[in-house]
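Every read-out reported here was derived from the displayed coordinates using simple, explicitly stated rules and does not represent laboratory data. Only a predicted model underlies this, so the values are computations on that prediction, with no experimental measurement involved. Backbone-built Cβ (ideal geometry, glycine too); neighbour counts: all protein chains shown.
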Ligand code: C5P
């Protein structure tokens, strides 16, 4: 519950601003009070009147309004809140936040606040992937701003990709994770006190400074698992290769590129109770990546690409010894003989459980929203029905909780 919590909702100018109305409704249903700051551009998409009606509070928009300032100074606005939520967070507002500008009431409040800030980005896919926005988001993340979304999908501008603002329910869940981690009842937080590492996404192996070997993994399944473990109370480190999906809330994320970096980040997490290797690690890397771009030479044969094996992260984490996590889980992405190959893989890698899934192109698993998996453990093979990757994640996290319930927690990081 968010009973008695206070959110200052900053509505900037984007087509997604209409979702802010639904967000207010959802927050109020949970007992959270909402006060709105509407930017000038935001007012082109939603009216102060609708925000006021739903929040049952006055809407602030003008920094130089004597009434605004005398009733509620801009410093007081942020002091009075438990959390500032920027939804939609447009490319423009993120840029102004990153630059530390204070040229309207919204940015002034954001600069003056000592409260946590959650941003729900919403913009055209090219704006989201533009180097300027990427750098701004990185800067803001480093300063402690939390992000939810954006989601992938069709956009108002007829393009497709990441940039859609998260749905109001997802934003509410992120707000709950920040303001009321106890929302999930203590009983449901079966992984409290447990430490987890999850690998996710592809790895990228440099051939030279501009070329690389990689694969189509989206990171959706691994990220969903990290989020699900965190919801059950685990202290989660997500080691992610380059992906377009956003960092899940409540999770420590280490961004890496190569398999070597991914392994190092997993080992740096120290003692853990559970490791879930969902990353699609490239099997090979260039044996000797070139330091400068390999040049095409007219008439010459293409250069030979010598490969070297990458470390097997799953096998490394499964190595028996005092530091081995109590539970190591791997994935087997197969295009044929899914279960037979998974049984064999479980033995070869030395892990405890394997989630086997069919990734033949017809299933649409890679990059898709749904997954059909089989859980292979020493108890045998369990076939799970086809479900959303989030549901697979939730079910797996609950199984991990039940399994670890009878195992002693690992000691803190060494
Ligand atoms: O051998 P294969 O790539 O099919 O094994 C898949 C499982 O092993 C996945 O859990 C994947 O995350 C993990 N893996 C790994 N490091 C590698 C290769 C695979 O952790 N180098």
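Only DSSP H runs of four or more residues enter the estimate; each adds -39500 (n - 2.57), and after division by the residues of the chain the mean residue ellipticity at 222 nm equals -9500 deg cm²/dmol. Only Cα pairs under 8 Å and 6+ residues apart enter the sum, and on that basis the relative contact order of the stretch 34-184 stands at 19 percent. Annotation for the stretch 241-296 versus the stretch 303-376: alpha-carbon center distance of 16 Å. Axis of helix 220-231 versus longest Cα principal axis of the chain: the two differ by about 70°, to the nearest ten degrees. Given R₀ = 45 Å, what would the calculated FRET efficiency be for residue 154 paired with residue 315, taking r from the Cβ atoms and rounding to 0.05? Step by step, r from the Cβ atoms, then E = 0.65. Taking 7 Å steps out from each Cα toward its Cβ at residue 387 and residue 287 produces label points 4.7 nm apart. The GNM of the chain, with springs linking C-alpha atoms under 10 angstrom apart, assigns the highest mean-square fluctuation among 348, 231, 79 to 348. Averaged over residues, the count of other Cβ atoms within 10 Å places the peptides 113-125, 83-95, 298-310 in the sequence 83-95, 113-125, 298-310, highest first.
Quick one: angle between helix 389-404 and the longest Cα principal axis of the chain, in degrees between 0 and 90, rounded to 10, please. Helix 389-404 and the main axis of the chain meet at about 70 degrees. When the chain is treated as a Gaussian network with alpha carbon springs shorter than 10 Å, the biggest mean-square fluctuation among 112, 259, 278 belongs to 112.
First check a/c for the stretch 6-182, with a ≥ b ≥ c the square roots of the eigenvalues of its C-alpha gyration tensor; if it is under 1.5, answer rounded, and if not, answer prolate when a/b is larger than b/c or oblate otherwise.
Working: a/c = 1.41, a/b = 1.28, b/c = 1.10.
Rounded.
Against the chain, whose longest principal axis comes from its Cα atoms, helix 168-179 is set at around 90 degrees.
Can you tell me what share of the DSSP beta bridges in the chain is antiparallel? A percent to the nearest 5 is fine.
Bridges in the chain are about 30 percent antiparallel.
Taking every alpha-carbon pair under 8 Å whose residues sit at least 6 apart, the chain reaches a relative contact order of 12 percent.
Take every Cα pair under 8 Å whose residues are at least 6 apart in sequence, average their separation, divide by the length of the stretch 201-353, and the relative contact order is 24 percent.
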